[in-house]
1. For Lys2 and Ala67, calculate 0.36 nm times their separation in residues minus their Cα-Cα distance, and state this gained length in nm to one decimal.
2. Once the piece of chain linking Ser123 and Ala32 is laid out straight, how much longer is it, given 0.36 nm per residue of separation minus the C-alpha distance between them?
3. Along Cα→Cβ, 7 Å out, is where each label goes; now give me the distance between the ones at Ala25 and Lys103 in nm to one decimal.
4. Give the carbon-plus-sulfur fraction of the accessible surface of the range 1-147 in %, rounded to a whole number; probe 1.4 Å, heavy atoms of protein chains only.
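The values are calculated or read from the model by the stated rules, or taken from the named source; none is laboratory data. Quick caveat: nothing in here was measured; it's all calculated off a predicted structure. Backbone-built Cβ (ideal geometry, glycine too); neighbour counts: all protein chains shown. Protein only, heavy atoms only, side chains kept; ligands, DNA and RNA dropped before computing areas. Shrake-Rupley method; radii C 1.70, N 1.55, O 1.52, S 1.80 Å.
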Amino acid sequence: MKLVVVSAGLSSPSSTRLLADRLTAATLEAAAAPARPDAGPEVIELRELATEIAQHFTTGFPSARLAAALDAVAAADALIAVTPVFAGSYSGLFKSFFDLLDKDALTGTPVLLGATGGTARHSLVTEHALRPLFTYLRALVVPTAVYAASEDWGEEGLARRITRAGTELARFLTPHPVTAPATAPHSPTGAVTSLPPSPAAALTPFAQRLAALQAG
């Protein structure tokens with residue numbers, strides 16, 4: 001299973017890359033992946049591709065390095081995407097990279113979202129900006145997205161959210177045991193139900209039930 005991590009941090013080191021690394025570690029730990037070499041993550045630092053991303057918009061052709069990054073994201077079995085917050089939303093670099101992906105590249109791909117910012121006021125950016133973007137791309141966004149403000153680092157609450165989010169994504173990286181196929185039970189009307197129909201269950205004609213009510 002291939003895990004790809006996209007970090008849009010602009011500095012080195014950056015809090016965005018730090019959050020990406022912690023989300024990656026939590027995911028691999030929950031998936032028990034350290035012992036599985038095939039689960040090693042591929043990290044894409046967008047700041048290293050900034051010039052090539054801009055040139056692609058003007059030339060229509062990606063460089064070899066940018067094409068490899070786009071191919072890696074398209075081939076990912078799971079994706080972690082983390083951006084810094086600018087003007088209350090994802091960064092332009094982050095959006096530009098995903099604008100270059102084929103419209104079907106992320107269809108059905110599990111995605112864990114993260115964002116960093118200087119204040120807790122931007123904590124809903126994952127819901128009003130990031131989640132709609134990846135929903136539009138038809139990705140499977142895990143329920144927990146992680147926003148980290150400057151004051152969150154070192155706090156227990158951030159660690160818990162990272163662990164929960166990583167565990168949610170890890171379910172897509174962990175092979176599930178194959179069980180014998182089962183036939184879904186049906187109700188007397190033929191509809192699929194979660195419980196087998198009761199032997200005593202009988203479908204009473206509506207006219208008969210209506211007559212009983214009138215008689216009563």
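1. This chain segment gains 21.7 nm when fully extended.
2. Numbers: separation 91, 0.36 × 91 = 32.76 nm, distance 2.98 nm.
So the extension gain works out to 29.8 nm.
3. In this crude label model, Ala25 to Lys103 measures out at 4.1 nm.
4. Details: 3800 of 6530 Å².
Of the solvent-accessible surface of the range 1-147, carbon and sulfur hold 58 percent.
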